[in-house]
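The values are calculated or read from the model by the stated rules, or taken from the named source; none is laboratory data. Everything numeric here is computed off the predicted structure, so don't read it as measured data. Neighbour counts are summed over all protein chains in view; Cβ atoms, including those assigned to glycine, are modelled from backbone coordinates with ideal geometry. Calculation scope for accessible area: heavy atoms of the full protein, side chains included, ligands and nucleic acids excluded. Shrake-Rupley method; radii C 1.70, N 1.55, O 1.52, S 1.80 Å.
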Amino acid sequence: MTILIKGAGVAGLTAAFALVRRGHTVTLLDPADPGMGASHYAGGMLAPWCEGETAPAVVVDAGEQAIGWWDEALPGLVERKGTLLVAPARDQSELERFARRTRRHEWLDEAGIAELEPALAGRFRRGLFFRDEAHLDPRPALAALLEALTRKGVKILRHANERAFAQVIDCTGRAAIQPGSQLRGVRGEMLYLKTDEIALSRPVRLLHPRIPLYVVPRGEGRFMVGATMIESEHDGPISARSLMELLNAAYTLHPAFGEAEVIETGTGIRPAYADNIPRITGSDRHLAINGMYRHGFLMAPALAEDLAVRLEAEPQRRSATA
Ligand SMILES: Cc1cc2nc3c(=O)[nH]c(=O)nc-3n(C[C@H](O)[C@H](O)[C@H](O)COP(=O)(O)OP(=O)(O)OC[C@H]3O[C@@H](n4cnc5c(N)ncnc54)[C@H](O)[C@@H]3O)c2cc1C
């Protein structure tokens, strides 16, 4: 079957990967450079159990599978170092509340935190360690997916005639937010800091009264700091308030971030359904994967595999009903 996938963000690229692996002929269509939508700004955290604090079980379960999926698809790019969660002394009750709402974690004392992340020695009395979580850097990961697809003969086009394809899969993210689509946008602002004054080995989350912060090490002294969650489809530059709050929280995590260089700021619009659960919609020739919300990297593999199974079942259903 010849398949056109519209949109080369994490949803489109993972779908293409799953379909090509099963022998389908796939063409990608994106008027912009691949991977430059919301996926470009993601933390790349594969943190199903932390996300379980607010996300439903379906996200936790699918997210658990995502770590193995990414590792198998892109060997060497997934860092399996867990997630560390800390809180300032005044927010210990927040830490306890977080622990009650999540699983697969262990409590660490000050010495345990220092052993895991020496740079944070003496800064936090207690923390939670989600040992089985992982992360990847979205930018090289999506570039590697694209390269693997290109090697397998997948073409990436800026224009295409949809009618020439037997199946069209819409993975256009925020562009699909239209009246009647049930989708909305959730603005996420982030920034990159650069400093050699501090080293971290894994994503560290800080429970903070105004902005729950995370810092993801990207190597060479670079740290991705995220992210705001604002009910808005406005994709303009980061606001002064968000910048101040993210920097403030980073400074609370470690004062060395106060001397860091701000090397990038960015905004991505997370497409989301009312329940924040992504899904496959549509029927017959036109299907769509969307609503990735804050779980694009966590949920895209499960949706890609579901899509592949559905397309395999579809021709049988069509011939059975013909
Ligand atoms: C700051 C921030 C941090 C995040 N952190 C994480 C994280 O740690 N872990 C996680 O799992 N998720 C995270 N996310 C969420 C994740 O980034 C999104 O859920 C995901 O990127 C959405 O992917 P997508 O492919 O649906 O959309 P996009 O990445 O936006 O891709 C859509 C693509 O469609 C293309 N397109 C648009 N119109 C058309 C058209 N007409 N035809 C063809 N192509 C079209 C666009 O050019 C774009 O390339 C974060 C998001 C943000 C903003």
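About its Cα centre, what dipole magnitude does the range 61-199 give when the only charges are +1 on Lys and Arg Cβ and -1 on Asp and Glu Cβ, stated in debye to the nearest 20?
So the magnitude is around 620 debye.
Quick one: putting +1 on the C-beta of Lys and Arg, -1 on the C-beta of Asp and Glu, what dipole do you get for the chain around its Cα centre, in Debye to the nearest 20?
So the dipole magnitude of the chain works out to roughly 740 debye.
Rg(Cα) of the range 1-129 divided by 2.2 N^0.38 Å?
Scaled against compact globular proteins, the figure is 1.36.
Considering the dipole of the chain built from charges on the beta carbon (Lys and Arg +1, Asp and Glu -1) around the Cα centre, which of Leu19, Phe165, Gly52 is farthest to its positive end?
Phe165
Order these peptides, 15-22, 299-306, by their mean beta-carbon neighbour count within 10 angstrom, highest first.
Output ranking for 15-22, 299-306: 299-306, 15-22.
Quick check: net charge around Met36, other residues with Cβ under 14 Å of its Cβ, Lys/Arg +1 and Asp/Glu -1?
Counting the neighbours of Met36, the net charge comes to -1.
Cut-off 10 angstrom, C-alpha nodes, Gaussian network model of the chain. Which of Gly219, Gly44, Gly173 fluctuates the most?
Looking only at Gly219, Gly44, Gly173, the biggest GNM fluctuation is shown by Gly219.
If Lys and Arg each add +1 and Asp and Glu each add -1, what is the summed charge of the other residues whose beta carbon sits under 10 Å from the beta carbon of Ala62?
-4
Throw me the Rg/Rh for the chain, computed over C-alpha atoms with Kirkwood Rh, two decimals.
Using only Cα positions, Rg/Rh for the chain is 0.99.
In Å², and per residue, what accessible area does the range 157-227 have when probed at 1.4 Å with the other protein chains present?
Counting only protein heavy atoms, the per-residue value for the range 157-227 is 43 Å².
So who's got an amide H within less than 5 Å of the one on Thr25, skipping anything under 5 residues away but keeping other chains? H placed 1.01 Å off N, in plane.
Ile3
List, in order, the whole-Hz ³J(HN,Hα) value for each residue of the range 298-305 obtained from phi through the Karplus relation with A = 6.51, B = -1.76, C = 1.60 and θ = phi - 60°; use x for Gly and Pro.
3J(HN,Hα) across the range 298-305, in whole Hz: 6, 9, 4, x, 5, 5, 4, 5.
Rolling a 1.4 Å sphere over the protein heavy atoms, what is the accessible area per residue of the range 52-137, to the nearest Å²?
48 Å²
Sort out for me the Cα centre separation of the range 219-260 from the range 137-155, rounded to whole Å.
Between the Cα centres of the range 219-260 and the range 137-155 lies a distance of 29 Å.
Taking the Cα centre of the range 149-260 as the origin, how large is its charge dipole in debye, to the nearest 20, when only Lys and Arg (+1) and Asp and Glu (-1) carry charge on their Cβ atoms?
Computed about the Cα centre, the dipole is about 520 debye.
How large is ³J(HN,Hα), in whole Hz, for each residue of the range 41-57 in order, when computed from phi with the Karplus curve 6.51 cos²θ - 1.76 cosθ + 1.60 and θ = phi - 60°, using x for Gly and Pro?
9, 6, x, x, 7, 9, 10, x, 7, 4, 5, x, 4, 10, 8, x, 4
From the mean inverse distance of alpha carbon pairs (Kirkwood) and the Cα radius of gyration, derive Rg over Rh for the range 87-192.
1.16
Through the Karplus equation 6.51 cos²θ - 1.76 cosθ + 1.60, θ set to phi - 60°, convert the phi angles of the range 248-262 into ³J(HN,Hα) values in whole Hz; use x for Gly and Pro.
Here the 3J(HN,Hα) series is 4, 5, 4, 5, 5, 5, 7, x, 4, 5, x, 9, 6, 8, 7 Hz.
So what is the relative contact order of the range 1-129, in percent, for Cα pairs below 8 Å that sit 6 or more residues apart?
18 percent
Which whole-number percent gives the relative contact order of the chain, counting Cα pairs below 8 Å spaced six or more residues apart?
Contact order relative to length: 25 percent.
Give me Rg/Rg_expected for the range 216-300, where Rg uses Cα atoms only and Rg_expected = 2.2 N^0.38 Å with N residues.
After normalising by residue count via 2.2 N^0.38 Å, the value is 1.41.
Under 5 Å between amide hydrogens, which residues at least 5 positions from Ala8 or on another chain qualify, with H placed 1.01 Å from N in the peptide plane?
So Ala8 has HN proximity to Gly35.
Roughly speaking, to the nearest percent, how much of the chain's 1.4 Å accessible area is carbon and sulfur?
Ligands and nucleic acids excluded, carbon and sulfur give 51 percent.
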